[in-house]
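A short worksheet on the structure shown next.
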Amino acid sequence: MDVAPTGRQGRPHRMHGTLRRAGAVMDLFTPEEPEWGATATAARLGIAKSLAHDVLVSLAEIGLLQRVGRGRYRLGWRLVSLATVLLRTSDLKAKGAPIVHALAERQGAAVRLVTWDRGHLLCIDARRARGCATATAAGPADRTAASSVLLATRPRDEIGALWSAGGLATKHTTLEALERDLLRIRMRGWACDEDDGRWGPRAVAAPVRSPEGDVAAALNLEVAHRFTAGEAEVHARTVVAAASRISAALRQERLPA
């Protein structure tokens, strides 16, 4: 018979379970469903209502949630302050932003530096030509070039889980077809956004690598018009070179003084 861990040995296991449960609750909050209560939270996560209530209250006590009505909660403002600290201290943003801005002006295009967060894309920095900054929004994995570049770097089991959960917006009819295309992207080193066969793509993206060699983000360039395969190669060379400059700047940041 299995025995639940006790004493000090059991504490890390219980703490891990608590953090995972809190993370699952935080993941419930979306633009479509911005408010949650204990009853709905318990039903969605399959846990006891009393446990759901305890998690919601605990998250509110540390500012990650805020109570907005009788037993109702929304995301808390502490998330904004934490996000501000993250962006202000991020080497990726600090080193990438000047290159993003210069590329947008030089190409007369929209440029985004995008990273991956559990099936969602997060925009670290973005710029349109003529100095007009774009919104730094998040969204699910989709058919964009940046999404393809980042998805191509994910472990196979993660890709399979996203596929099974319907978390991937893609033209592919089978997981095997998607994986073949992702392999080609990894080998080629860049991607175009998907099209339906009638119109050409408008964006290309290339990976930005951390000092450890992992893909940390994707640099995405979107032009105002659809382009041909030959034009895609030209745009890709430009984006790959810019992404490499960001990667080199990140490596330089880590060099000992």
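For segment 152-190, the candidate set comprises residues that are small (Gly, Ala, Ser) and within 30 Å of LYS95 (Cα to Cα); within that set, the residue that is surrounded by the fewest Cβ atoms within 10 Å (Cβ to Cβ) is GLY189. Residues that are surrounded by 15 or more Cβ atoms within 10 Å (Cβ to Cβ) and in contact (Cβ under 8 Å) with a residue 60 or more places away in the chain: does segment 191-208 have at least one? Taking every residue of segment 191-208 in turn, at least one turns out to be surrounded by 15 or more Cβ atoms within 10 Å (Cβ to Cβ) and in contact (Cβ under 8 Å) with a residue 60 or more places away in the chain.
For segment 70-101, taking the residues that are touching a residue at least 40 places away in the same chain (Cβ under 8 Å) and closer than 30 Å to GLU35 by Cα, the one that is surrounded by the fewest Cβ atoms within 10 Å (Cβ to Cβ) is identified as ARG74.
Keeping to segment 53-73, report how many residues are within 24 Å of ASP117 (Cβ to Cβ) and not β-branched (Val, Ile, Thr). Count: 9. In segment 115-128, is there at least one residue being assigned by TED's automatic domain parsing to the domain that holds ARG237 and in a helix (DSSP H, G or I)? The answer is no; no qualifying residue exists.
Scanning segment 209-240 for residues that are in contact with a Phe, Trp or Tyr (Cβ under 6 Å, 6 or more places away or on another chain), modelled with pLDDT under 95 and surrounded by 15 or more Cβ atoms within 10 Å (Cβ to Cβ) yields one hit, ALA236.
Residues that are assigned to a helix (DSSP H, G or I) and within 23 Å of ASP117 (Cα to Cα) within segment 201-244 comprise VAL239, VAL240, ALA242, ALA243, SER244, listed in sequence order. Going through (1) modelled with pLDDT of 90 or more; (2) among the polar types (S, T, N, Q); (3) assigned by TED's automatic domain parsing to the domain that holds CYS192 one by one, SER50 falls short only on (3). When the residues of segment 86-96 are narrowed to those that are modelled with pLDDT of 90 or more and of a type in the set (A, V, I, L, M), which ends up nearest to ARG209 (Cα to Cα)? Result: LEU92.
The values are calculated or read from the model by the stated rules, or taken from the named source; none is laboratory data. None of these values were measured; they are calculated from a predicted model. Note that we place each Cβ from the backbone using ideal geometry, even for glycine, and neighbour counts take in every protein chain shown.
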